[in-house]
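Report on the following structure.
FYI, it's all coordinate maths here, none of it is from the lab. Note that this is a predicted model, so its numbers are computed, not measured. Quick reminder, even Gly has a Cβ in these numbers, built from the backbone with ideal geometry, and neighbours come from all protein chains shown.
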Amino acid sequence: MARTRRGRSVPLPGQLEPRGPEPERYGYVILGAGCAGLSLCHYLLERGVDAPILILDRKQAFADDRTWCFWDVEETPFSDRAIRRWNSWSVRAEGREVVHTSRRYPYLCLTGADFYESVLGKISTHGNVTIRLGEDVRFSKELDDGVLVVTSAGSYLAGLVFDGRGLPPDSAALEEARRKGTWISQQFLGLRLRSRRPAFDPDTCTLMDFSVDQGRGLRFAYVLPFDEHEALVENVYLSKTGAPPEAHRAELSGYLQDRYGLFGGDYEVHGEEWGDIPMTAHRFRRRTGTRTHVIGTLGGETRPSTGYTFLRVQRYCRELAASLTGADGDPEGVHPWRYGPLDRVFLRLLRERPERCPGIYARMFAGTPPDPLVRFLTEVSSPLDDAGLIGTLPKLPFLRLAAGEALDRVRESL
């Protein structure tokens, strides 16, 4: 099933291509045709927006370039396009494997191609959206009556601008986060592969396998088995520096040999996925001007302690669209405040005591029932869920980490 769906490109529907005379002014200009930008456009249209919307992106086409995974704790417009659902997932560390099963909250995998195809199809049914690919945004400037957006191909005037272009490694916002906040990089390289013999258990995905060598830094393998032959296998670092791509490939080769008995001639690689997700407690600015909003990772939609982004983007963009159209939306309230201190302490653990992390993750998974654990990881838990999870953690190390975090925050406020 998965083999026929991975690696395909998604054409831009003709209804979204530039057509007719350029409007003198767009109601909304969205920078970046990724998850956040396209999702926001969908929610604006769902709210009945009929003003002209322009989406700009430097890429030339929509490619199957990434995978989003999330637990099915709430309905999204794209969940039905998930390529695979797992009711069981595992964590391996310190010689043991913890397997959880939840019938209530399956773990979903949504490919880039399926997301783009779904959201572009929904957007193309409206007549007020234009997508311009291959245009690099040079700068934007707020004027008295709007925002001027200048690209490599022209200039556009907008009532409101939404910047969802992501967070490049050399961005000023990320540099500020590195300087002021606790942060690490979640760097990964994944192989989409097909083995010549049955090798994978399609009923259980592996969230974290810490049985790999930790010599270069905190590292784990992540395995999404689509069937007995096909899987996405990722090598993941949680560190300040990560590793070069060739090191990731070599380590994946070794992992496939050690864990599954697969040597180079036993499988074919059909594609790679590469990513570097900033995990930081830094509070990114939601607004950079009166008429300019920031969305997606650049706006802080990546959860600091896990790197999960998809559900947070959906929640924020849905509430933002509601607030912009006069409904009772609350974009600032979508992420409950009580997760902030816990995220900061977990980040500090990853940064300062990485050698203890595999055992602590295994302990947390083993001691917490699957449904409360999922609710905590997806920020829909109850205080009782949180208390149960916190009760599984070693008290003294976390108290020390929490004290250090509190002291640093006091220093920053002085």
Next item on the list: Can you spot the aspartates and glutamates whose alpha carbon is less than 19 Å from LYS240's alpha carbon? Ignore those fewer than 8 places along the same chain.
Entry: ASP170, GLU175, GLU176, ASP213, GLU251, ASP276, ASP343, GLU352, GLU355, GLU405
Check: Nearest 0.05, what FRET efficiency do THR101 and PHE263 give at R0 = 30 Å with Cβ-Cβ as r?
Finding: 0.40
Check: Modelled label-to-label distance, THR392 and THR325, 7 Å Cα→beta-carbon offset: nm?
Finding: 4.0
Next item on the list: Could you give the size of the charge dipole of region 339-413 about its Cα centre, using +1 on the Cβ of each K and R and -1 on the Cβ of each D and E, expressed in debye and rounded to the nearest 20?
Entry: 320
Checklist line | Phi-based couplings in Hz for region 335-352 (Karplus 6.51, -1.76, 1.60; Gly and Pro marked x) | finding: 10, x, 4, 5, 6, x, x, 5, 4, 5, 5, 5, 4, 5, 4, 4, 7, 9
Next item on the list: For region 33-158, report the convex hull volume of the alpha-carbon atoms normalised per residue, in Å³, without decimals.
Entry: 162
Next item on the list: For region 71-171, state which trypsin sites (Lys or Arg not before Pro) are in a DSSP loop and have at most 16 other beta carbons lying within 10 Å of their beta carbon.
Entry: ARG103, ARG104
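Assigning unit charges at the beta carbon (Lys, Arg +1; Asp, Glu -1) and nothing else, what dipole magnitude in debye, to the nearest 20, does the chain show about its Cα centre?
780
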Notebook entry, point to check: So which aspartates and glutamates pass the test for LYS122, namely a Cα distance under 13 Å, with those fewer than 8 places away in the same chain ruled out?
Noted result: GLU46, ASP114
Next item on the list: Positive end of the charge dipole of the chain (Lys, Arg +1 and Asp, Glu -1 on Cβ, about the Cα centre): tell me which of VAL161, GLY95, PRO397 has its Cα farthest that way.
Entry: PRO397
Notebook entry, point to check: So for region 1-98: antiparallel DSSP bridges make up what percent, rounded to the nearest 5?
Noted result: 50
Margin query: Given points 7 Å out from each Cα along the Cα-Cβ axis, report the VAL380 to GLU46 separation in nanometres with one decimal.
Written below: 1.3
Item checked: Options (i) 27.8; (ii) 20.9; (iii) 22.1 - which one matches mean projected area of the Cα convex hull in nm² as calculated here -> (ii)
Next item on the list: Just the number, please: percent antiparallel of the DSSP beta bridges in the chain, rounded to the nearest 5.
Entry: 70
Check: What does the charge dipole of region 183-279 about its Cα centre add up to, to the nearest 20 debye, if the Cβ of each Lys and Arg holds +1 and the Cβ of each Asp and Glu holds -1?
Finding: 280
Checklist line | Positive-end extreme of charge dipole, the chain - chosen from ILE123, THR292, PRO21 (charges on Cβ) | finding: THR292
Item checked: Gain upon complete extension [HIS270, ALA247; 0.36 nm per residue less C-alpha separation] -> 6.4 nm
